[in-house]
Amino acid sequence: MSAIEKNKTTVDGGACGAPPPNHHLPDEVLLDYASGAADEGVSLLVATHLTLCPICRDRAAELDALGGELVENLPPADLSDDAFAKLLARLDEPGSEPAAAEPARKEQATDDATLPRVLQRYVGAAAQDIPWQPLGLGVDHVDLSVEGGSRAMLLRVPEGRAVPQHTHEGNEYVLVLQGGFSDAHGHFVRGDVEASDDSVDHRPVADGGEDCICLAVTDAPLKLTSLVGRALNRFAKL
Ligand SMILES: [Zn+2]
């Protein structure tokens with residue numbers, strides 16, 4: 001039984017008493033975050049998921065501890081100065097505050113029903129004041145300013161609407177913040193993360209009932225593959 005499966009039986013709720021998410025971050029992403037190797041966009045996604053997911057919080061703590069043991073058992077010559085310093089910096093941080101590593105942006109922000117505080121700092125607004133920009137086909141977005149190789153944005157897809165079919169040149173992580181969506185890989189609701197790589201060609205459809213708001217982080221541009229998607233690609237530059 002994996003640690004994550006084991007933890008599922010011991011964690012009885014997510015943030016604010018909500019059930020924990022069902023779709024989680026891969027270990028390698030949690031490891032990159034714990035070691036400081038993840039860039040800012042991916043780190044923002046991980047920090048946001050951790051505020052909503054007690055299962056991944058526990059897993060990240062386990063991986064942090066494992067990383068510490070590995071460091072203790074390796075001769076210093078096997079680690080670069082940079083990697084060692086990054087790992088030490090992470091291990092020195094308080095483990096109970098997953099957003100601690102994020103740059104402080106709008107400190108007065110507080111969690112709301114859609115945007116955890118760590119994300120509001122990047123949006124610069126609470127959920128009701130998000131400065132949406134039209135992306136096409138009824139989909140809105142707002143780009144978030146992150147350094148490094150990834151791109152981060154909030155997406156708002158009208159209830160019941162399909163996102164054009166697309167593949168990826170790299171990895172895409174989509175974290176649901178409001179509503180939900182389904183594709184061939186499952187049903188995703190608040191707190192769930194769908195991780196896709198360049199082998200995935202999918203066409204998510206938003207649930208009915210309310211608009212679907214997601215945090216999407218890509219480490220390479222999306223490639224829209226349907227006819228409508230290719231047309232959208234030309235002006236959306238996704
Ligand atoms: Zn999780």
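The values are calculated or read from the model by the stated rules, or taken from the named source; none is laboratory data. Because the structure is a prediction, the values reported are computed rather than measured. With ideal geometry, Cβ positions are generated from the backbone for all residues, glycine too; neighbour counts draw on all protein chains shown. We work out accessible area using only protein heavy atoms, side chains counted, and drop any ligands, DNA or RNA first. Shrake-Rupley method; radii C 1.70, N 1.55, O 1.52, S 1.80 Å.
Structural remarks
- Some residue of the range 196-204 being within 30 Å of residue 27 (Cβ to Cβ), in a strand (DSSP E or B) and at pLDDT below 95: yes
- Residue within the range 198-212 that is outside the structural domain of residue 38 (by TED's automatic domain parsing) and touching a helix residue (DSSP H, G or I) at 6+ places or on another chain (Cβ under 8 Å) present: no
Residues checked against (1) farther than 19 Å from residue 177 by Cβ; (2) in contact with a Leu (Cβ under 6 Å, 6 or more places away or on another chain):
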{"position": "35", "(1), (2)": "yes, yes"}
{"position": "39", "(1), (2)": "yes, no"}
{"position": "50", "(1), (2)": "no, no"}
{"position": "53", "(1), (2)": "no, no"}
{"position": "57", "(1), (2)": "no, yes"}
{"position": "64", "(1), (2)": "yes, no"}
{"position": "68", "(1), (2)": "yes, yes"}
{"position": "72", "(1), (2)": "yes, no"}
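- Boolean, residue 131 is within 24 Å of residue 110 (Cα to Cα), of a type outside the set (A, V, I, L, M, F, W, C) and outside the structural domain of residue 56 (by TED's automatic domain parsing): yes
- For residue 65, the conditions (1) assigned to a helix (DSSP H, G or I); (2) open to solvent by 20 Å² or more (accessible area, probe 1.4 Å); (3) modelled with pLDDT of 90 or more are fulfilled apart from (3).
- Looking only at the range 27-58, residues that are part of a loop (DSSP other than H, G, I, E, B) and open to solvent by less than 40 Å² (accessible area, probe 1.4 Å) come to 3 in all.
Residues checked against (1) more than 16 Å from the ligand (Cβ to nearest atom); (2) farther than 20 Å from residue 128 by Cβ; (3) surrounded by fewer than 16 Cβ atoms within 10 Å (Cβ to Cβ):
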| position | (1), (2), (3) |
| --- | --- |
| 144 | yes, no, no |
| 152 | yes, yes, no |
| 157 | yes, no, no |
| 173 | no, yes, no |
| 176 | no, no, no |
| 189 | no, yes, no |
| 195 | no, yes, no |
